[in-house]
1. What accessible area per residue, rounded to a whole number of Å², is obtained for the chain using a probe radius of 1.4 Å?
2. Could you pull out the pairs from LYS336/LYS399; LYS193/LYS399; LYS85/LYS193 whose alpha carbons sit more than 19 Å apart here?
3. List the residues whose amide H sits under 5 Å from the amide H of GLY328, counting only those 5 or more places along or on another chain, with H placed 1.01 Å from N in the peptide plane.
4. Enumerate the helices in the chain for which the Kyte-Doolittle hydropathy averages 0.5 or more and the C-alpha atoms extend at least 30 Å along the helix's axis, using complete DSSP H runs.
5. Taking the alpha-carbon distance from LYS332 and a cut-off under 19 Å, which aspartates and glutamates remain once sequence neighbours fewer than 8 residues away in the same chain are dropped?
6. Using a 1.4 Å probe over the heavy atoms of the protein chains, calculate the carbon and sulfur portion of the accessible area of the chain as a whole percent.
7. Add -39500 (n - 2.57) for each DSSP H run of 4 or more in the chain, then divide by its residues: what number comes out at 222 nm, to the nearest 500 deg cm²/dmol?
8. In nm, to one decimal, how far is the modelled label at HIS231 from the one at LEU326, with both set 7 Å along Cα→Cβ?
Amino acid sequence: MQDTQITAAPVTARNPRRWVILGVICLAQLVVLLDNTVLNLAIPALTEDLGASTADIQWMINAYALVQSGLLLTAGSLSDRYGRKKALMTGLILFGLCSTAAAFSASSGQLIAARAGMGVGGALLMTTTLAVIMQVFDGEELPKAIGLWGAVSSLGFAGGPLLGGVLLAHFWWGSIFLINIPVALIGGLAVAKLVPESKNPLGKRPDLVGAALSTVGMVGVVFAIISGPEHGWTSATVLVPALVGLAGLTAFVRWELHVPAPMLDMSFFRNRRFNGAVAGGILVAFGMAGSLFLLTQHLQLVLNYSPLEAGLRMAPLALTIVGLNLAGVGAKVLPKLGAAGTIASGMTLLAGGLAAVAAVGGSLGYGGMLVGLVLMGSGIALAMPAMANAIMGSIPPEKAGVGAGVQGTITEFGGGLGVAVLGAVLNSRFAALLPATVAAGTAGSLHEALAANSSADVQDQIRDAFASGVGTSQLIGAAAVFAGGLLAGLLLHRAARAEAAAAEASAATAADPAAA
């Protein structure tokens, strides 16, 4: 039996400006996600203009992701308590101000601080955009609205390298932050005029202890994941924050189980639909972020494209996602296949795309990779909106902000895990396949290995070793995504059967009260 479509709580009258509202909040979502990847291409310019060290560059990139991922649950909870419109406007203002500070930073420290501030604004925006969608859409329109939101989210991840390449080809590095300012201004005015206020009517007291524990836990775990490939998984730099993070999350769970007004209701995790969507969401983010990390290197370091050329050649991935969601394909498939079938199908396509890039991307060049990009885009277009719909539909509407926080947290966690794990596989495979004549100290970097060996024959062997490492990593990512699709589909299918059985029992009891 197919599982039923998840919908938000019905509303008495649909907001006549709901599609305009969707456009405004999707624009806000887009700039938040673009800033996850857009800075990577500016590393050479930042090193030259600001005299940034390797450690500075790492913090410039990671400060945004660390702060954002650490505050998602807290931001979602606060938006439920004090109002989602207020949180959305606060996020836009903070994001715009910190983007201005980032664009005109005169030192590495200033840029790192500005990026951290952008992470706070980004956490508020990521949680409230999806929560507002759940408030202004219902019924058959909800999956389509979430599909468009998902398309914009995917475009943000995939479009960062392209946008960064275009801007850096014509302007200075600060331009990648200046583009956020008009979006923040226009978005803030539009939100003030169009978006209705909504909040949890119960108005419970904020869970400050839970907020602190969740922030410490998530920052520690995400920092360890980000640092693992560079410092080594057994180094103190990785193990200490990992242990602190795990301890923080453990304490958070124990606190939430006993506090009268928890920030995150742990009963959500007794819902099979919720658990299935969370499991699938982590592995889709794992495959998507990991694949973008590997594809960028494949195009630039194996196929020798410039950053702008690489960004342009990754465009079919984003265009496929956007095109299919604009056409409403995911919303049409969801009622026919159910959440389980839609997510399993989407993740199978994503896994097939990763496998295709690994199998033929190197031997056939970009032509072979294009097939994989289209398959990946098709899979993401199906799976991501269905999973967001399943997660949000498993949570009471009054806690939509916390639900959006969970959605954002699993995306950040899965994405960080994908980059770390697949990056570690790439480095290990690359080092193992290098010629014996290559110095061990250069085994962690293709650039260093090529610079230390001038022989054309040895350089070809080094490039072949790197290409093989990329292919192996992509195959492992494909296997993980495929397994995740099966797991999520199974959990969601069981949830649908349990819900159907409960509905039948309830109907039978209502028809024959004496049998109760």
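The values are calculated or read from the model by the stated rules, or taken from the named source; none is laboratory data. Here the structure is a predicted model, which means the values were calculated and not measured. A quick note on method: Cβ atoms are made from the backbone with ideal geometry, for glycine too, and the neighbour counts reach across all protein chains shown. Just the protein is used for accessible areas: all its heavy atoms, side chains included, with ligands, DNA and RNA removed. Shrake-Rupley method; radii C 1.70, N 1.55, O 1.52, S 1.80 Å.
1. Solvent-accessible surface per residue comes out at 40 Å².
2. Over 19 Å Cα-Cα: LYS336/LYS399; LYS193/LYS399.
3. Correct list: empty.
4. For the chain, where a helix must reach 30 Å along its axis and average at least 0.5, the hits are 108-136, 141-170, 208-231, 236-258, 272-297, 329-360, 366-393, 400-433, 456-511.
5. ASP3, ASP138, GLU140, GLU141
6. 68
7. Helix-only estimate at 222 nm: -27000 deg cm²/dmol.
8. Going by the 7 Å Cα→Cβ label model, 4.4 nm.
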